[in-house]
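Note sheet for the following structure.
The values are calculated or read from the model by the stated rules, or taken from the named source; none is laboratory data. Fair warning: this is a prediction, and the values are worked out from it, not measured in the lab. We place every Cβ from the backbone using ideal geometry, glycine too, and count neighbours over all the protein chains shown. We work out accessible area using only protein heavy atoms, side chains counted, and drop any ligands, DNA or RNA first. Shrake-Rupley method; radii C 1.70, N 1.55, O 1.52, S 1.80 Å.
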Amino acid sequence: MTMNGQAPALPLEGIRVMDFGQVVAGPVLGHVLADMGAEVIHVSSAARPTPDLFRADYPAWIRAQGLLRNRLSVTINLRAERGRELARQLAAHCDVLTENFAPGVMARLGLDYASLSALNPGLVMISMSAPGQTGPLRDMVAYGPAVNALDGLYSQVGYEDGELAAPVSDDDHPSGIMGVLAVLSALYWRAQSGEGQYIDLAFWEGLSQFLGHSYLESQLTGCIPGPRGNAHPSMYPHDVYPCLGEDAWLSLAVGSEDEWKALCTALGRPHWGDDPRFASAAGRRAASAEIDAWISDWTKTRYAYDAMAELQAAGVAATPVLSIPGVFADPHDLERRTSVNVSTPSLDRHQVFNGIPWHLSRTPGGLRLPPPRPGEHNRRVFVGILGLTDEEVSALESDGVLA
Amino acid sequence: VDDVRIGKDLDTSPDPPPTGPLRGLLALELADPAAGSEIGVAFCGKLLGDLGATVIKLEPPHPSGEAGANGPDDLAAASETARRLFLDANKQSVALDISTEAGRTLFEGFVARADVLAHNLRSSDATRLDLTAERLQALNPRLVLTAITPFGQFGPYADYKAHAINIAAIAAILYRIGDPRRHPITTPFDRSHYWGGLNGAAATMVALMSRLRSGEGQVVDISSAECMMSFLNHSVYIAGWLQTGVFPTRAGRRLRGAYPWVIMPCKDGHMFLLALQEEQWQRFLAVLGNPEWARSDRYKDRLKVGHEYPEEVDALLRPWFAERTRAELWELLRRHRIPFQPILNVREALESAHLEERGFLRELVHPEHGPLRHPGPFASFSRTPAAIRTPAPAPGQDTERVSATLVGLEEPDSLQQDRAGAVREEGRR
């Protein structure tokens with residue numbers, strides 16, 4: 001690593017990561033580190049195919065191609081002792097090792113932190129799982145959404161009449177980002193101390209962070225919250241309103257006195273802005289039927305985008321309820337490159353990838369490599385890093401060790 | 001040029017001292033209520049603080065937050081208090097009015113010493129308040145300046161306002177939640193802001209890693225909406241659309257895809273049924289005693305069932321679930337490695353024996369509100385444990401002490417040595 005005083009455009013350049021990520025959370029962690037310039041070596045094996053969890057549903061290639069970009073790929077058969085030995089040797093040359101197998105799998109393979117840190121004391125290793133590596137439910141099988149059933153989220157998503165609704169599964173992705181935060185914090189510590197360490201990230205505990213405020217609220221009030229529709233404890237209005245078009249909605253929320261006055265002016269009833277009945281969220285909630293009918297009458301005659309423009313110009317927080325195709329056509333998202341079109345010879349069709357949602361002024365990172373074919377970098381890694389010969393790598397490949 | 005501090009730092013933390021991997025790091029949190037929600041910034045600060053950073057919350061002169069502006073209301077007040085108790089644990093609070101000359105001087109003194117300043121200013125707010133990146137970086141070129149706003153610092157919506165529901169709406173979250181015959185509903189708890197805060201903290205660490213080598217800080221521009229969208233491309237929500245061109249709308253208690261992905265009523269509440277692997281579904285059918293219907297061709301293709309007539313299988317399963325409680329079901333299904341989980345309310349979630357044994361739930365005694373159980377840090381570190389150490393401060397309670405330590409005193413010798421001291425270069429063995 002050079003120390004020439006110039007920041008590289010890739011902030012994590014020089015960090016080498018061995019990535020056993022599977023499904024979503026692990027690969028998200030790897031792809032963010034890779035986008036930011038780390039050399040991320042993804043390990044897979046034809047001999048122990050990662051359960052292709054979506055084989056019955058969506059094609060795995062869609063998922064894999066976006067998540068595995070910027071990676072190197074090696075194939076190691078971990079059922080073979082020689083494969084496990086090579087994995088250990090490679091880990092000795094890495095700064096970080098990430099995995100999200102079920103708790104206990106890495107230990108059975110001799111790839112646990114105790115074994116690896118004996119070879120490489122500076123290693124930062126992270127294990128991610130739903131229950132965490134310890135505790136009575138350590139062997140529980142649970143996918144990301146199910147963790148949000150356990151942590152109290154699902155019990156609160158639904159209509160005021162008690163009808164529950166399945167939330168969007170926004171669980172594995174933030175879990176992967178928490179992995180990024182944990183790994184980089186440990187690397188930052190290592191820069192001071194030289195010490196590596198082991199991180200146990202339980203998705204259950206990670207996702208509970210998003211509910212901390214609800215846990216404390218229930219202790220303060222003694223109440224157990226249930227589904228609440230779009231109601232917000234300290235805002236009113238705070239809802240969606242119908243617009244022109246099929247299943248078209250505008251979200252609108254009033255978070256302050258100024259915003260209420262702005263709404264009243266924009267919708268042609270400025271006197272309501274000074275009406276003492278409506279001076280607080282509670283007061284407005286008490287007149288919800290009157291207020292909601294007034295807003296709906298206005299939104300129903302407009303397209304959601306036009307309503308947003310009109311209300312935002314007046315200082316009111318309002319946005320359209322976009323569908324996913326809508327996100328890909330939104331002018332703001334296009335300008336920020338929230339998603340990018342990728343077309344390279346190695347992809348069998350045109351692809352839409354996530355952009356890099358973090359805009360760092362000096363070291364933005366970048367999309368450099370298309371997703372690899374499995375084992376594409378066996379030579380680069382085992383010859384270049386471990387010092388095997390080309391012939392040895394070929395022999396290991398044909399023996400089913402690097403496969 | 002290396003900036004990691006060793007040993008004593010500008011630590012103004014009360015006891016117990018931080019033990020996490022970021023101890024020694026100084027982060028400031030500045031939220032302007034006019035700019036929109038402060039929750040994203042507060043969550044970013046919380047994560048850094050739990051990891052051991054010294055986090056100083058700069059409090060504006062008037063009550064911050066949406067409840068204050070909306071007038072008194074018991075429901076709102078409890079909610080705001082709870083949010084503060086959770087998000088501000090481990091922090092110190094300094095009252096500071098940057099519109100006054102004294103406040104400005106103090107603020108600039110803090111900025112000169114800080115590693116990180118997290119804020120929620122839109123670029124127009126920053127200009128109005130004379131807090132532009134150029135201005136702040138001139139005070140401290142090593143500063144990592146993290147802006148967490150709904151739409152980010154550039155783009156056609158950069159000056160727009162958005163609360164959490166508005167962010168989730170434009171990020172296509174609402175569109176998928178709720179009954180198809182009714183209106184869309186949001187995910188609760190201001191979750192969109194938490195997305196922004198989490199991404200802000202992780203991106204801040206990227207900038208700090210970069211600074212280890214360059215010695216230079218930088219601007220980190222985080223849009224909560226953009227972060228929330230960033231998971232869509234590899235999610236099941238988009239995969240089917242890319243493949244078929246058909247984008248499914250909300251589907252009530254289920255997600256349209258291979259059966260089951262559904263909320264199922266049982267004797268004392270609901271279970272959440274999700275089985276991604278065929279073996280898991282087969283093990284479940286075995287627990288049911290391999291019923292006749294399961295052998296019928298109509299119910300063998302779980303993808304077809306999930307897309308075309310999931311209600312039929314719901315109806316076949318309902319009586320079996322209706323006879324059993326969540327606890328019975330959970331115990332039985334777990335024994336057979338079937339990943340169906342009970343839907344727990346927040347009180348039940350806080351009573352988990354599993355989390356208890358892991359030491360996740362921690363009691364902190366707040367001087368005003370008494371003992372409260374807090375969720376612990378998001379991850380367990382073997383060598384540098386993250387921790388919830390001190391309850392949320394009263395607004396401004398640390399003003400004098402922190403100001404004296406950071407600005408009023410000579411730079412301690414230990415700090416000068418730390419800054420000059422050579423530190424192990426980050427690199428590969």
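Brief remarks on what is shown
- Amide H to amide H, with H built 1.01 Å from N, B:Trp261 comes under 5 Å of B:Leu255, counting only residues 5 or more places away or on other chains.
- Dipole moment magnitude, nearest 20 debye, the protein assembly as shown about Cα centre, only Lys, Arg, Asp, Glu C-beta charged: 1800 debye
- HN-Hα J in Hz across the range A:167-172 - Karplus 6.51, -1.76, 1.60, θ = phi - 60°, x for Gly and Pro: x, 4, 7, 9, 10, 5
- Shown here is the pair-distance distribution of the range B:289-412: with all Cα-Cα distances grouped in 10 Å bins from zero up to the longest one, the shares run 9, 22, 22, 17, 14, 9, 6, 2, 0 percent.
- Test item: A:19-27 mean partner chain Cβ contacts at 10 Å: 1
- Shielding by partners, peptide B:94-104 (average Cβ within 10 angstrom, other chains): 0
- Reported value for the range A:301-403: 175 Å³ per residue, from the convex hull of its C-alpha atoms.
- Taking only the C-alpha atoms of chain A, the Rg (one decimal) and the largest Cα-Cα distance, Dmax (whole number), read 25.6, 84 Å.
- Averaged over the residues of peptide A:130-139, the number of Cβ atoms from other protein chains lying within 10 Å of each residue's Cβ is 5.
- Given charges at Cβ of Lys, Arg, Asp, Glu: the protein assembly as shown dipole, positive-most of A:Pro174, B:Thr146, B:His336: B:His336
- Once the convex hull of all Cα atoms in the range A:174-230 is built, its volume per residue stands at 122 Å³.
- The modelled label-to-label distance for the pair A:Ala46/B:Glu323, using points 7 Å beyond Cα in the direction of Cβ, is 4.9 nm.
- Nearest 10 degrees, 0 to 90: helix A:25-35 Cα axis against chain A principal axis: 80 degrees
- From the C-alpha gyration tensor of the range A:122-276, square roots of 5λ in Å: 41, 21, 16
- Rounded to the nearest 20 debye, the dipole size of chain B about its Cα centre is 1720 debye, using +1 on the Cβ of Lys and Arg and -1 on the Cβ of Asp and Glu.
- Chain B: relative contact order in percent, alpha carbon pairs under 8 Å with at least 6 residues between: 22 percent
- In this structure the amide hydrogen of A:Gly37, modeled in the peptide plane, comes within under 5 Å of the amide hydrogens of A:Leu12, A:Gly366, none closer than 5 places in sequence on its chain.
- Taken along the Cα-to-beta-carbon direction at a fixed 7 Å, the label points for B:Ala34 and A:Thr301 span 3.3 nm.
- Taking every protein chain into account, the 1.4 Å probe leaves A:Glu205 with about 10 Å² of accessible area, to the nearest ten.
- Each Lys or Arg adds one and each Asp or Glu subtracts one; over the other residues with Cβ under 15 Å from the Cβ of A:Asp330, this totals -2.
- About the centre of its Cα atoms, the range A:249-393 shows a dipole size close to 160 debye [charges on the beta carbon of Lys, Arg (+1) and Asp, Glu (-1) only; nearest 20 debye].
- Alpha-carbon Debye profile of the range B:35-169, log10 I(q)/I(0) at 0.11, 0.13, 0.17, 0.18 Å⁻¹: -0.43, -0.60, -1.06, -1.20
- Across the options A:Phe278, A:Ala317, A:Gly387, the greatest Cα extent toward the positive end of the charge dipole of the range A:258-403 (unit charges at beta carbon of Lys, Arg, Asp, Glu) belongs to A:Phe278.
- The residue among A:Thr363, A:Trp298, A:Asn341 whose Cα reaches farthest toward the positive pole of the charge dipole of the range A:257-403, with charges on the beta-carbon of Lys, Arg, Asp and Glu, is A:Trp298.
- With θ taken as phi - 60° and the Karplus curve 6.51 cos²θ - 1.76 cosθ + 1.60 applied, the whole-hertz 3J(HN,Hα) list for the range A:265-273 is 5, 4, 9, x, 10, x, 5, 5, x Hz, x standing for glycine and proline.
- Diffusion constant of chain B at 10 °C, which comes from Stokes-Einstein with the Kirkwood Cα-pair radius and 1.306 mPa s, µm²/s: 65 µm²/s
- Structural size metrics of the protein assembly as shown, computed from C-alpha coordinates, are Rg and Dmax of 26.0, 84 Å.
- With contacts taken as Cα pairs under 8 Å at a separation of at least 6 residues, the range B:117-247 carries a relative contact order of 30 percent.
- Shown in residue order for the range A:208-221 are the 3J(HN,Hα) couplings computed by the Karplus curve 6.51 cos²θ - 1.76 cosθ + 1.60 at θ = phi - 60°: 5, 4, 6, 10, x, 5, 5, 4, 6, 4, 5, 6, 6, 9 Hz (x for Gly and Pro).
- Solvent-accessible area, 1.4 Å probe, carbon plus sulfur percent, for the range A:169-219: 43 percent
- With all protein chains in place and ligands, DNA and RNA left out, the 1.4 Å accessible area ranks B:Asp268, B:Asp97, B:Asp179, A:Asp297 as A:Asp297, B:Asp268, B:Asp97, B:Asp179, largest first.
- Too-long pairs where the Cα-Cα distance tops 30 Å, listed order kept, from A:Lys261/B:Lys46; B:Lys267/B:Lys300; A:Lys300/B:Lys267; A:Lys300/B:Lys46; A:Lys261/B:Lys91; B:Lys91/B:Lys161: A:Lys261/B:Lys46; A:Lys300/B:Lys267; A:Lys300/B:Lys46; A:Lys261/B:Lys91
- As a rough guide to protection, the peptides B:117-126, A:274-283, A:370-379, B:165-174 ranked by mean Cβ packing within 10 Å, highest first, stand as B:165-174, B:117-126, A:370-379, A:274-283.
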